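Only the coordinates and a few stated rules stand behind these numbers; no lab work does. Predicted, not measured: the structure shown is a model, and the values here were computed from it. Here the Cβ positions follow ideal geometry from the backbone for every residue, glycine too, while neighbour counts run over all protein chains shown.
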Amino acid sequence: MISASQIRAARALLGIDQKSLAEPAGISLSAIQRMEAGESDLPGAFDMQKNVVIALRAAGIELIGDHERSGGGGRGVRLAHPVGLAGRTH
């Protein structure tokens, strides 16, 4: 499951706002806002999170879950492939 802070960090790495994530994820802006606020009791939360993960991965984000191999351990996000300013689409 992706955490609220991972969503915010991923957006920051991509340099996009909440609306720019909601659109490719196919969910509403208010759903992104509520997910980033840490609300977990949203109707359809699992499917919405799955769509967010798919959209972030498509944008080049690698999500690091608990117990996954990473340099620092723990949860986090990182760019799957380094992107220069020319590679950004915002």
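May I ask you to order 47-58, 31-42 by the average number of other C-beta atoms within 10 Å around their residues, highest value first?
47-58, 31-42
Determine ³J(HN,Hα), in whole Hz, for all residues of the stretch 6-13 in sequence, where each value follows from phi through the Karplus function 6.51 cos²θ - 1.76 cosθ + 1.60 and θ = phi - 60°; x replaces Gly and Pro.
Once θ is set to phi - 60°, the couplings for the stretch 6-13 become 5, 5, 4, 5, 4, 4, 5, 4 Hz.
Pull up all non-local amide H partners of I64: gap of 5 or more, or a different chain, and H-to-H distance under 5 Å with H placed in the peptide plane.
G76, V77, R78
Report, as a whole number in µm² per second, the diffusion coefficient that Stokes-Einstein gives for the stretch 1-65 at 4 °C and 1.567 mPa s using the Kirkwood radius over alpha carbon pairs.
It comes out at roughly 113 µm²/s.
Separation between the L29 and F46 pseudo-spin-labels, each 7 Å from Cα along Cα→Cβ, expressed in nm?
3.0
So what are the ³J(HN,Hα) numbers for the stretch 30-44, from phi and the Karplus equation (6.51, -1.76, 1.60; θ = phi - 60°), rounded to whole Hz, Gly and Pro as x?
These are the phi-based 3J(HN,Hα) values: 5, 5, 4, 4, 5, 5, 5, 7, x, 6, 10, 9, 6, x, x Hz.
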